[in-house]
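As structure tokens, the structure follows; a few thoughts come after it.
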Amino acid sequence: MRGQPGFFDVDERLKRLSGLGDQLEAFAAAVDFEMFRGDLVSALGYSDGAQGGRPPFDPVMMFRILVIQAMDHLSDERAEFLINDRMSFMRFLRLSLADRVPDARTIWLFREKLTKAGAIEGLFARFDTALRASGYIAMSGQIVDATLVPAPKQRNSEGEKKAIKEGRIPEGWAENPAKMRQKDRDTRWTVKFSKAKERPDGTKPPVDIAIPTFGYQNHIAIDKGFGFIRKWTTTDAAAYEGARLREGLLDKTNTAASVWADTAYRSAANEAFMAKNGFVSRIHRKKPKGRSMPDAVRRANALKSTVRSRVEHVFAEQKDRMGLFIRTIGIARAKVKIGMANLVYNFKRLVFWGRIAAA
């Protein structure tokens with residue numbers, strides 16, 4: 001019938017999307033998503049369907065939906081709408097116009113099962129193994145840093161805040177299940193300090209800017225050679241980042257021993273830990289209390305900064321382009337959100353190196 005789209009019209013539209021630079025298509029070409037199937041099936045506990053019932057959606061396709069959400073910080077409801085609306089999303093998910101699309105509840109249940117199974121670490125490790133098998137071996141040392149990931153502020157009284165910090169359920173909450181479901185007792189407040197900018201006359205304010213932040217932290221270690229995230233962990237915003245260095249954040253398989261980090265990671269305990277485990281500290285030195293910074297230390301810190309600053313690219317990508325923000329309740333769900341952001345960043349990095357190799 002005249003005016004109705006046909007197969008060739010859809011094909012032409014998809015070709016145009018490819019020409020405009022569909023990043024999801026680049027993901028599909030660079031990443032073999034089938035590598036995740038075994039981990040997903042194991043985590044989800046899918047049966048063989050012998051007892052009947054409606055068959056579940058393909059787990060790899062559902063995992064691809066989480067990738068789409070992480071790329072653009074989409075809610076489950078928004079993801080459902082856009083999958084139905086966008087041809088690029090449907091192509092990435094390998095869905096036709098006639099296929100059934102998962103609704104928001106189905107997407108939530110899928111992610112919740114992965115959360116309860118603690119599957120995100122295994123999925124991340126699976127992709128890292130694939131990277132190494134493809135020649136992207138962790139090399140040239142590693143760079144460690146952390147960033148705050150904000151979450152919606154909790155409107156709690158002083159007494160409720162005190163109870164949460166002490167690990168107790170505030171009085172009256174247990175009798176109100178609906179309220180308990182909406183209260184995140186794992187998040188914490190912290191204060192982020194930002195360097196004060198120069199005044200028009202060239203002078204600087206006497207104090208830096210203190211910014212209260214509520215949420216979680218994403219702690220990562222990237223390899224200096226390729227810039228992939230190799231290790232990561234999630235904590236509340238108030239956790240001391242320096243201590244994470246001794247809690248499995250460092251990658252012992254890196255081909256070089258050097259570790260770069262800012263002054264937050266400089267401590268006697270960390271220096272002793274790195275020396276004992278064969279790492280070489282390139283961590284910034286702190287300014288001596290009550291004295292000016294020695295010129296030699298200042299120059300050494302400046303050289304270290306040229307390397308350490310590379311990790312800021314990761315956080316800029318996740319916050320500015322991917323819009324990383326935690327809207328879920330509890331650290332277990334936050335870990336899945338942050339883990340998916342770290343995994344998607346590595347997908348993007350793989351696409352980048354693929355383009356470099358093809359140039």
Just to be sure before I move on: is R244 at pLDDT 90 or above, among the charged types (D, E, K, R), in a strand (DSSP E or B) and under 26 Å from E121 (Cα atoms) in the structure I sent? no
Can you work out which of the residues in region 1-46 that are assigned to a loop (DSSP other than H, G, I, E, B) and either loosely packed, with under 10 Cβ neighbours inside 10 Å or in contact with a His (Cβ under 9 Å, 6 or more places away or on another chain) (or both) is modelled with the lowest pLDDT? M1
Sole exception among (1) assigned to a strand (DSSP E or B); (2) modelled with pLDDT of 85 or more; (3) within 20 Å of Q318 (Cβ to Cβ) for F226, by number: (1)
If you check every pair at least six apart or on different chains, which have Cβ atoms under 7 Å apart with a residue in region 299-319 that is modelled with pLDDT of 95 or more first and a residue that is aromatic (F, W, Y) second? K304/W260; V307/W260; R308/W260; V314/Y345; E317/Y345; Q318/Y345
Report yes if some residue within region 298-316 is closer than 11 Å to V144 by Cβ and not basic (K, R); otherwise report no. yes
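Say whether the condition of being over 26 Å from A341 (Cβ atoms) and open to solvent by less than 40 Å² (accessible area, probe 1.4 Å) is met by at least one residue in region 271-279.
Scanning region 271-279, I find at least one residue that is over 26 Å from A341 (Cβ atoms) and open to solvent by less than 40 Å² (accessible area, probe 1.4 Å), so the answer is yes.
Filter region 94-106 down to residues that are closer than 24 Å to A30 by Cα and touching a residue at least 24 places away in the same chain (Cβ under 8 Å) and give me whichever is most open to solvent (accessible area, probe 1.4 Å).
The initial filter retains those residues of region 94-106 that are closer than 24 Å to A30 by Cα, namely 94-96.
Narrowing the set further to residues that are touching a residue at least 24 places away in the same chain (Cβ under 8 Å) leaves 94-95.
Details: R94: 173, L95: 30 Å².
Looking at residues that are closer than 24 Å to A30 by Cα and touching a residue at least 24 places away in the same chain (Cβ under 8 Å), I get R94.
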Those residues of region 244-270 that are open to solvent by 50 Å² or more (accessible area, probe 1.4 Å) and touching a His at 6+ places or on another chain (Cβ under 8 Å) come to a total of 1
Have a look at A130, A98, A104 and point out the one that is under 21 Å from the mean Cα position of the chain (by Cα) and among the small types (G, A, S). A130
Does K113 meet the test of being open to solvent by 20 Å² or more (accessible area, probe 1.4 Å), touching a helix residue (DSSP H, G or I) at 6+ places or on another chain (Cβ under 6 Å), of a type outside the set (D, E) and part of a helix (DSSP H, G or I)? yes
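Would you be able to tell me the number of residues in region 149-175 that are touching a residue at least 24 places away in the same chain (Cβ under 8 Å) and surrounded by fewer than 19 Cβ atoms within 10 Å (Cβ to Cβ)?
Applying the first criterion (touching a residue at least 24 places away in the same chain (Cβ under 8 Å)) to region 149-175 yields 149-154, 156.
Subset that is surrounded by fewer than 19 Cβ atoms within 10 Å (Cβ to Cβ): 150, 152-154, 156.
Of the residues in region 149-175, 5 are touching a residue at least 24 places away in the same chain (Cβ under 8 Å) and surrounded by fewer than 19 Cβ atoms within 10 Å (Cβ to Cβ).
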Condition check for R78: modelled with pLDDT under 95 and either farther than 25 Å from G118 by Cβ or open to solvent by less than 50 Å² (accessible area, probe 1.4 Å) (or both): no
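Can you name every residue in region 259-271 that is over 24 Å from the mean Cα position of the chain (by Cα) and either polar (S, T, N, Q) or under 22 Å from Y136 (Cβ atoms) (or both)? Before the answer, list the steps.
As a first pass, look at region 259-271 and keep what is over 24 Å from the mean Cα position of the chain (by Cα): 266-271.
Passing the criteria: S267, N270.
Would you mind stating whether R327 is touching a helix residue (DSSP H, G or I) at 6+ places or on another chain (Cβ under 9 Å), within 21 Å of A238 (Cβ to Cβ) and in contact (Cβ under 8 Å) with a residue 40 or more places away in the chain? If you could, list the steps in order and put the result at the bottom.
Working: touching a helix residue (DSSP H, G or I) at 6+ places or on another chain (Cβ under 9 Å): yes; within 21 Å of A238 (Cβ to Cβ): yes; in contact (Cβ under 8 Å) with a residue 40 or more places away in the chain: yes.
So R327 passes the test.
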Qualifying positions in region 65-81 - closer than 14 Å to D103 by Cα and assigned to a helix (DSSP H, G or I): I65, L66, Q69, D76, E77, R78, A79, E80, F81
Pick from region 163-193 the residues that are part of a helix (DSSP H, G or I) and under 16 Å from D236 (Cβ atoms): which of them is modelled with the lowest pLDDT? K165
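One line per residue, one yes/no per condition, for (1) free of Cβ contacts under 8 Å to residues at least 60 places away in the same chain; (2) open to solvent by 30 Å² or more (accessible area, probe 1.4 Å):
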residue: M87; (1), (2): no, yes
residue: F92; (1), (2): no, no
residue: L109; (1), (2): yes, yes
residue: T129; (1), (2): yes, yes
residue: Y136; (1), (2): no, yes
residue: D145; (1), (2): no, no
Output the number of residues of region 217-243 satisfying the condition of being over 11 Å from A146 (Cα atoms), open to solvent by 30 Å² or more (accessible area, probe 1.4 Å) and within 17 Å of the chain's Cα centre (by Cα). 2
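The values are calculated or read from the model by the stated rules, or taken from the named source; none is laboratory data. Computed from a prediction, not measured in an experiment: that's the story for all the values here. For neighbour counting, all protein chains shown are included, and Cβ atoms are generated from backbone atoms with ideal geometry for every residue, glycine included. In case anyone asks, the SASA skips ligands and DNA or RNA and just uses the protein heavy atoms, side chains included. Shrake-Rupley method; radii C 1.70, N 1.55, O 1.52, S 1.80 Å.
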